[in-house]
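Engineer: Quick one: the structure is below, questions incoming.
Here, each number is a calculation from the coordinates, and none is a lab measurement. Given the structure is predicted, the values throughout are model-derived calculations rather than measurements. In this analysis, Cβ positions are derived from the backbone assuming ideal geometry, glycine residues included, and neighbour counts consider all displayed protein chains.
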Amino acid sequence: MTATTDTYRLLRAFAGELARCGMRAACTSPGSRSAPLVLSLAREPGLRCYSHVDERCAGFFALGLAKASRMPVAVACTSGTAAAELLPAVVEAREARVPLLVLTADRPPELRDNGAGQAIDQLGLYGTAAKWFFEVGTHDADEGRLRWMRTLAARAFWTALEGRPGAVHLNFPLREPLVLDEELPEDEDAARPGGAPHLVRRAAPPGGPAAAGALAATLEGAERGVLVAGREERSPDLPAALAGFAAAAGWPLLADPLSGARLGPAAVAHYDALLRHEPFAATREPDVIVRVGDLPVSKPLREWLARRPHVRQVALDPEASWQDPAAVVCESLAVDPAAALAGARPLRPADPAWLATWRDADARAGAAIDGVLADSGLSEPAVAAELGALLPAEATLFVASSMPVRDIETFWPQRPDPPRVLCNRGANGIDGTVSAAFGAAAHGPEPVVLLIGDVALAHDMGGLLAARRLGLALTIVLLDNGGGGIFDFLPVADAPMAREPATGGPAGEDSFTRHIATPTGLDFAAACALYGFEHERAEDRDGFRRALSRALAAGGARMVEVRGDRAENVALHRRVWLEVGRALSR
Ligand SMILES: Cc1ncc(C[n+]2csc(CCOP(=O)(O)OP(=O)(O)O)c2C)c(N)n1
Ligand SMILES: [Mg+2]
């Protein structure tokens, strides 16, 4: 048997073991050095393999699929800059705690650092962004080594998934010849009988009565609590547990839609606008705050929490995410939040007036917001509100960073059956968003809608290729406001030096527009034609509703484009905040 046969036997064992562990999907990208790796994944019947031209897209696609499925996804690539293209997804996986398995093909040691082609230093390439790095080496496929390969696959799978999930990087040196002339022998490859995994890993569950007991102990004596819930993608039972706890305790539930928990009678949907109103923020004084998931995106809520170091703030943090930049948390419980909240209640429910003041303010804010939006036609906030009302419960909304994720938080209603909302919020990048949304769409038959700005779409335009090459359905709602509208909210928009004339662009353009807002000038309808998307423009709210329901009914790859203006968008948001303040002062 040749060394290449041994390589393929080892890789067959590796891919097979990933499937036995429970992995269902892998992403590939083209190359020669990676052929043994990619073909071994492709031949494994337990894995569905998604092919991508661009490794950066592959990485984000795998990330989106891992988020949607809550399972590790493998992504394999060839050597050189191909491997470097996976860094952004690895960084996001670290920050957002998403399980990924990165499998890079490499030159063998004798072809490294000596002028051999397409060879870079791939050892520890992702630095501290990878949870574990391992150089696999080259081996004979004897029985012991086949067994070791299966254990390695299981270890990589479980390391990515357990504790604080993240990306594991395995580097595979591969020698020529890279393909076999003959069929692989159907030999013993040390697999356990009956499709059983070679190794089963079990951890003590962080839930159960102990979790509830730990929370109950911290709640003793609490009278006016607040429950704050941010992005949490891995616990399907959590939204109901949060809503149930808040309703029973009489605590307001401030839930970012990324938590899935903006539901139930205690949910306060408009906390972002409410807490911008200083008299409101200053006069709601809880004696305990329980925090679950990431910190919500809302800056007013983050500041409200930060200004309360004197209040007992308790984090339920089973993945050790340490979400506390203001250093105000006094207790961090490594317990499963769903189990803890389902089993614990404060000794006495809060005085009903406590929740009632929040609910009353929320209702007034909601009416004020509706009033402003009704008068302002189709706007970015109106799109967020419409999506909140129109998307069916089984849909998934993938939101891009920048204003989309903020508008969803501000304008998304409370509803009993909120659709799932996903976002690359670990590192807040605008990169890879189209690919990640396609990855989420690969998980299941339910519709996925991507809400994205023009710059983020231009950044991952190549991700649109998944519509044709993978035949996946996705509805993209594009908010084209002529650049990064978020920057118009920031001091840089008015800074004199940013308003100086810029070089390198059209005459008269200032530095803010050229270098910070970066309007693309693209005709996105033409991009749709190129990548095989149906394109439609919505001009008003009714038109948007119709376009969205057409897109959801038709399936396939579709884009609904909404044009806007950055300055008008800022003015509209300010009008909303003003009117909410007025409604609260009445
Ligand atoms: C990879 C990456 N590069 C740059 C940024 C900085 N950034 C944040 S928001 C933004 C503009 C996004 O514009 P768009 O997608 O049109 O959304 P809008 O601000 O208009 O809502 C940029 C460049 C980032 N977050 N990630
Ligand atoms: Mg924009």
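Engineer: Just grab the label-to-label distance for ARG545 and LEU390, each label 7 Å out from Cα along the Cβ direction, in nm (one decimal).
Structural biologist: Rounded to a tenth, the inter-label distance reads 0.9 nm.
Engineer: Amide H neighbours of ARG537 under 5 Å, at least 5 residues apart or on other chains, H built in the peptide plane: list them.
Structural biologist: Distant-sequence amide H within range of ARG537: GLU561.
Engineer: If you average 1/r over all unlike Cα pairs in the stretch 443-564 and invert the result, what Kirkwood radius do you get in angstrom?
Structural biologist: Radius from the Kirkwood sum: 15.8 Å.
Engineer: Continuing with this model, one more query. Please go through the stretch 145-209 and write out the trypsin sites (Lys or Arg not before Pro) that DSSP classes as loop and that have at most 12 other C-beta atoms within 10 Å.
Structural biologist: Those that pass, being in a loop and sparsely packed, are ARG202.
Engineer: Please give me the summed charge of the neighbours of SER511: other residues whose Cβ is under 12 Å from its Cβ, Lys and Arg +1, Asp and Glu -1.
Structural biologist: Result for the neighbourhood of SER511: -1.
Engineer: Would you mind calculating the relative contact order of the stretch 330-451 from Cα pairs under 8 angstrom and at least 6 residues apart, reporting the percent as a whole number?
Structural biologist: Once divided by the residue count of the stretch 330-451, the mean separation gives 24 percent.
Engineer: Another question about this same structure. Taking the Cα centroid of the stretch 434-473 and of the stretch 268-299, what is the distance between the two, rounded to the nearest whole Å?
Structural biologist: A separation of 33 Å, based on Cα centres.
Engineer: Along the principal axes of its C-alpha atoms, what lengths does the stretch 423-511 span, in descending order and rounded to whole Å?
Structural biologist: Between the extreme Cα coordinates on each principal axis of the stretch 423-511 lie 51, 25, 19 Å.
Engineer: Rule-of-thumb check for the stretch 277-364: C-alpha Rg over 2.2 N^0.38 Å?
Structural biologist: Expressed relative to 2.2 N^0.38 Å, the Cα Rg reads 1.16.
Engineer: Using all Cα-Cα distances in the stretch 333-469, what percent lands in each 5 angstrom bin from 0 up to the longest?
Structural biologist: 2, 9, 14, 15, 16, 15, 12, 8, 5, 2, 1, 0
Engineer: Sticking with this structure for a sec: Return the Rg/Rh ratio of the chain with Cα-based radii and a Kirkwood Rh.
Structural biologist: In the chain, Rg relative to Rh is 1.00.
Engineer: Roughly what would the spin-label model give for ALA553 and GLU278, points 7 Å off Cα along C-beta, in nm?
Structural biologist: 5.1 nm
Engineer: Going highest first, how would you order 420-431, 296-307 by mean Cβ packing within 10 Å?
Structural biologist: 420-431, 296-307
Engineer: Just name one of LEU387, VAL421, ALA440: the one whose Cα is farthest towards the positive end of the charge dipole of the stretch 368-443 (beta-carbon charges, Lys/Arg +1, Asp/Glu -1).
Structural biologist: Sorting the options by dipole projection puts first ALA440.
Engineer: Follow-up. Sort the stretch 24-90 into rounded, prolate or oblate with this rule: let a ≥ b ≥ c be the square roots of the eigenvalues of the Cα gyration tensor; rounded if a/c is under 1.5, and if a/c is not under 1.5, prolate when a/b is larger than b/c, oblate otherwise.
Structural biologist: oblate
Engineer: Starting from the Cα-Cα distance between THR357 and ASP417, subtract it from 0.36 nm times their residue separation and give me the gain in nm to one decimal.
Structural biologist: Full extension from THR357 to ASP417 adds 19.2 nm.
Engineer: Note down the magnitude of the dipole of the stretch 427-586 about its Cα centre, charges +1 on Lys and Arg C-beta and -1 on Asp and Glu C-beta and zero elsewhere, to the nearest 20 debye.
Structural biologist: The calculated dipole for the stretch 427-586 is roughly 460 debye.
Engineer: Pairs of alpha-carbon atoms within less than 8 angstrom and 6+ residues apart define the contacts here; what relative contact order does the stretch 517-586 have, in percent?
Structural biologist: Dividing the mean separation by the residue count of the stretch 517-586 yields 27 percent.
Engineer: Here's a follow-up. Once you have the Cα-Cα distance between ASP121 and ALA306, take 0.36 nm times their residue separation minus that, and quote the gain in nm to one decimal.
Structural biologist: Length gained between ASP121 and ALA306: 62.3 nm.
Engineer: Explain nothing, just the number: dipole magnitude of the chain about its Cα centre with +1 on each Lys and Arg Cβ and -1 on each Asp and Glu Cβ, in debye rounded to the nearest 20.
Structural biologist: 1180 debye
Engineer: Give the relative contact order (percent, whole number) for the stretch 257-386; include only Cα pairs under 8 Å separated by 6+ residues.
Structural biologist: Relative contact order comes out at 23 percent.
Engineer: Whole angstrom only: what separates the Cα centroid of the stretch 370-430 from the Cα centroid of the stretch 538-586?
Structural biologist: First find each Cα centre; the distance between them is then 9 Å.
Engineer: Which of TYR50, TYR531 has the fewest other C-beta atoms within 10 Å, and how do the rest follow up to the most?
Structural biologist: TYR531, TYR50
Engineer: Right, another one. Using label points projected 7 Å from each Cα along Cα→Cβ, tell me how many nm separate HIS515 and ASP370, to one decimal.
Structural biologist: Each label point is offset 7 Å from its Cα along the Cβ direction, giving 4.7 nm.
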